[in-house]
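First comes the structure, then the notes that go with it.
The values are calculated or read from the model by the stated rules, or taken from the named source; none is laboratory data. Keep in mind that what you see is a predicted model, and the values were worked out from it rather than measured. Backbone-built Cβ (ideal geometry, glycine too); neighbour counts: all protein chains shown. These area figures cover heavy atoms from the full protein model, side chains too; ligands, DNA and RNA do not enter into them. Shrake-Rupley method; radii C 1.70, N 1.55, O 1.52, S 1.80 Å.
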Amino acid sequence: MSHIALVRDVSPSLERCELSFQQRASIDLEKAREQHARYAGTLAKLGCRVEVLPPLPENPDAVFVEDTAVVLDEIAVITRPGAESRRSEVDSTAAALGAYRRLAYIEAPGTLDGGDVLRVDRTLYVGRSARSDASGIEQLRRHVKPHGYRVEAVDVRGCLHLKTAVTQVAPQLLLINPAWVEERVFSGMEFIHVDRAEPPAANAVLIGSDVIYPHSFPRTRARLELAGLTVHGVYMSETEKAEGGVTCCSLIFKGS
Ligand code: CIR
């Protein structure tokens, strides 16, 4: 099954990004663009057809396309991002996704960021975060229930999104920072913990049996490799300064 990966180039205004937990650090735009191009190249190498969304130079966080939609095999739910500065990003994502999926929308006053939605089989775990509220989560539940998905709201603390705290790295295996989200909500799953020295290391992209993972977290990467996983390293230092991880920079879904 081939995958499509939607990405968007780094905006020149990235340095004015939203920040919730980190101090503002100066971002090398050239380097950010180069790293992003290599990230897209890794997606292509792993079999994704990479589609580049139109640039949004005035939207600092527009490279983090994951937050603008939740794409399932049956439907795409266009989000209403929790940060007001990000709301205008969704139109171009919707225009692109309309070619592949029936669209549904999170409506005001609800908010939802795609970074808060972790799909494991037919369960969508959704972070109750500063970005995703009860109304957004309930609207998502209504849209996906007819397609056989269960929505499970999960408390997250200390980080931006649920997927900053936990992502899937193999069929029954989650990579998790247990200080930010509790393991017990993910019943039936096994876990790899991030190394204590690398709190933001739980964000990985899984494509088939390949894991895309930042070079920034070598200790946790060693744990993934010890578990027998195939890891493809990417440099993400510049988007990490904007609190973005590897999942944030793409929307990956099955093509036809
Ligand atoms: C934001 O605060 O919205 C951006 N600076 C970072 C978004 C990262 N996205 C993600 O984790 N899915």
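Test of understanding: express the Cα radius of gyration of segment 120-234 as a ratio to 2.2 N^0.38 Å, with N the residue count.
Normalised Cα radius of gyration, segment 120-234: 1.08.
So, with +1 on the Cβ of K and R and -1 on the Cβ of D and E, and no other charges, what is the size of the charge dipole of segment 3-254 about its Cα centre, to the nearest 20 debye?
My answer is approximately 460 debye.
Find the relative contact order for segment 58-168 and round it to a whole percent, using C-alpha pairs within less than 8 Å whose residues are 6+ positions apart.
24
Only bridges whose two residues both fall in the chain count here: according to DSSP, what percent of them are antiparallel, nearest 5?
The antiparallel fraction comes to roughly 45 percent.
Can you work out the Karplus-derived ³J(HN,Hα) for every residue in segment 124-133? Use 6.51 cos²θ - 1.76 cosθ + 1.60 with θ = phi - 60°, whole Hz, and x for glycine or proline.
Using θ = phi - 60°, the values come out as 9, 7, 10, x, 8, 10, 5, 9, 10, 10 Hz.
Project the alpha carbons of segment 3-254 onto their principal axes and report the range along each, largest first, in whole Å.
43, 42, 35
With the other protein chains left in place, how much accessible area per residue, in square angstrom, belongs to segment 3-254 at a 1.4 angstrom probe?
Solvent-accessible surface per residue comes out at 43 Å².
Take the alpha-carbon centre of segment 98-157, take the same for segment 4-40, and report the distance between them in whole Å.
Comparing the Cα centres of segment 98-157 and segment 4-40, I get a distance of 25 Å.
Within the chain, what is the number of lysine pairs with alpha carbons under 23 Å apart, leaving out pairs fewer than eight places apart on the same chain?
Step by step, the pairs that qualify in the chain add up to 7.
Quick check: pseudo-label points 7 Å beyond the Cα along Cα→Cβ at residue 16 and residue 123, how many nm apart are they?
It is 4.2 nm.
Full-extension gain between residue 254 and residue 172, please, as 0.36 nm times their residue separation minus the C-alpha to C-alpha distance.
Here the answer is 27.5 nm.
Based on the mean of other Cβ atoms within 10 Å per residue, sort peptides 201-209, 183-191 so the most packed one is first.
Result, highest mean Cβ count within 10 Å first: 201-209, 183-191.
If you restrict to DSSP beta bridges whose two residues both lie in segment 57-161, what percentage is antiparallel, to the nearest 5?
Percent antiparallel among DSSP bridges in segment 57-161 is about 40.
In nanometres, what is the gap between the two model label sites at residue 29 and residue 184, each 7 Å from Cα along Cα-to-Cβ?
Going from the residue 29 label point to the residue 184 one covers 4.9 nm.
Share of segment 3-254's accessible area from carbon and sulfur, percent, 1.4 Å?
C and S fraction of accessible area: 50 percent.
What distance in nm lies between label points placed 7 Å from Cα along the C-beta direction at residue 141 and residue 85?
3.2
Given the protein chains as shown and a 1.4 Å probe, how many square angstrom of residue 121 are accessible, to the nearest 10?
Residue 121 exposes around 90 Å² with every protein chain in place.
Scattering from the C-alpha atoms of segment 10-149 alone, worked out with Debye: what is log10 I(q)/I(0) at q = 0.13, 0.17, 0.20 1/Å?
Taking Cα atoms of segment 10-149 as identical point scatterers yields -0.61, -1.03, -1.31.
Taking H placed 1.01 Å from N in the peptide plane, check which residues at least 5 places from residue 152 or on another chain put their amide H under 5 Å from its amide H.
It is 124, 125, 126, by chain and number.
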